[in-house]
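First up is the structure itself, then whatever we jot down about it.
Please treat every number below as a calculation from the coordinates, not as lab data. The structure displayed is predicted, hence computed values, not measured ones. Because the Cβ atoms are built from the backbone with ideal geometry, glycine has one as well, and the counts that use them run over all protein chains shown.
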Amino acid sequence: MTLKSLINLTSKGVLLKKASGHWWAQRITAIMLLLFGSWFLVSLCTLQDLQYLAVLHWASQPLNSFMLFLFSLSLGYHSTLGLEIITEDYIHKPNKRKILISLIEKFHLILVLIIGISLLRILLGDAQ
């Protein structure tokens, strides 16, 4: 990127709007992770024991499954945003950067889908 194109992007506000949105998304997901993480730790601490069947029963409750899914969704999105920033900062070739960001997004999407399907199976009672 040349200095002239950077100045053009900055003067049009394109660069700032994207960076600002990205910054806010990271902060909001970080707050969500604090809330969901706190809920998760408190919920696990209130269990009688942490045996497999007890945790499975806990996770099979609809509210807990939904909260776990939201927790994994916010964790996956926050992770995607963070790795995207690292990639943009340290991968200097645009083609490689674009491919790597695409792979990161696809990986996180697949991961969240696997978690969602697993939670759905637990909720429906298929995971014994």
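General observations
- With the simple model of a label 7 Å out from the Cα in the direction of the Cβ, Gln26 to Leu56 spans 4.1 nm.
- Protection proxy ranking, peptides 94-100, 42-48, average beta carbon neighbours within 10 Å, highest first: 94-100, 42-48
- In plain terms, the chain from Gln48 to Phe107 could stretch by 17.7 nm, reckoned as 0.36 nm per residue minus the Cα-Cα distance.
- Cβ-placed point charges (K, R +1; D, E -1), dipole of the stretch 25-124 about Cα centre in debye, nearest 20: 340 debye
- From least to most packed, judged by other beta carbons within 10 angstrom and beginning with the fewest, Phe69, Phe107 follow the order Phe107, Phe69.
- Altogether, the Stokes-Einstein calculation at 10 °C and 1.306 mPa s, with the Kirkwood radius of the stretch 25-124 over Cα pairs as Rh, returns a diffusion coefficient of 105 µm²/s.
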